[in-house]
Amino acid sequence: MAKGKSIKIKVARVPWTVEFKQSWHEVNPEESSRCFGLTLYNEHKIRIAGDAPPEKQHITLIHEILHAIVHEYGITPLEKDAATGEHDEKHIDLLAIGICEVLESLGMTPPH
């Protein structure tokens, strides 16, 4: 996927937009540290850093889609803090890596 482009996906029948930003600086402009992906729940948007290597973009995209799935389906075992809705990053990361490995073994890769 080219930098600056977007794709549409649906999670729990809810339309979401995935935006491939030019660089990690645009993913979360309020943060000074490097951020390759961000899920904006209220806007139903996912931002991915277009300047990350393709493999990093694949894992980050799946990671952020998993956040959207956990959010939309209310998968509480993957919540770190039910009061804030904060997700368990470690398990989201492991799931994303595992899904990417399976997709790769099938000859498939997520867009980047």
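The values are calculated or read from the model by the stated rules, or taken from the named source; none is laboratory data. This one's a predicted model, so the numbers in the text were calculated from it and none came from an experiment. For neighbour counting, all protein chains shown are included, and Cβ atoms are generated from backbone atoms with ideal geometry for every residue, glycine included. SASA here: full protein model, heavy atoms, side chains in, ligands and nucleic acids out. Shrake-Rupley method; radii C 1.70, N 1.55, O 1.52, S 1.80 Å.
Summary of values
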| item | result |
| --- | --- |
| Cross-chain or 6+ apart pairs with Cβ under 6 Å, the range 66-93 first and closer than 22 Å to Val18 by Cα and among the aliphatic types (A, V, I, L, M), then modelled with pLDDT of 95 or more and not in a helix (DSSP H, G or I) | Ala68/Val11; Ala68/Trp16; Ala68/Thr39; Ile69/Val11 |
| Test: residue in the range 6-19 that is crowded, with 16+ Cβ neighbours inside 10 Å, basic (Lys, Arg) and free of Cβ contacts under 8 Å to residues at least 60 places away in the same chain | no |
| Hits in the range 55-75 (condition: open to solvent by 30 Å² or more (accessible area, probe 1.4 Å) and not β-branched (Val, Ile, Thr)) | Glu55, Lys56, His71, Glu72, Tyr73, Gly74 |
| Subset tally (residues that are in contact with a helix residue (DSSP H, G or I) (Cβ under 8 Å, 6 or more places away or on another chain), open to solvent by 40 Å² or more (accessible area, probe 1.4 Å) and more than 20 Å from Glu86 (Cα to Cα)) for the range 20-54 | 1 |
| Yes/no for Glu86 being modelled with pLDDT under 95 and either of a type in the set (D, E, K, R) or on the phi > 0 side of the Ramachandran plot (or both) | yes |
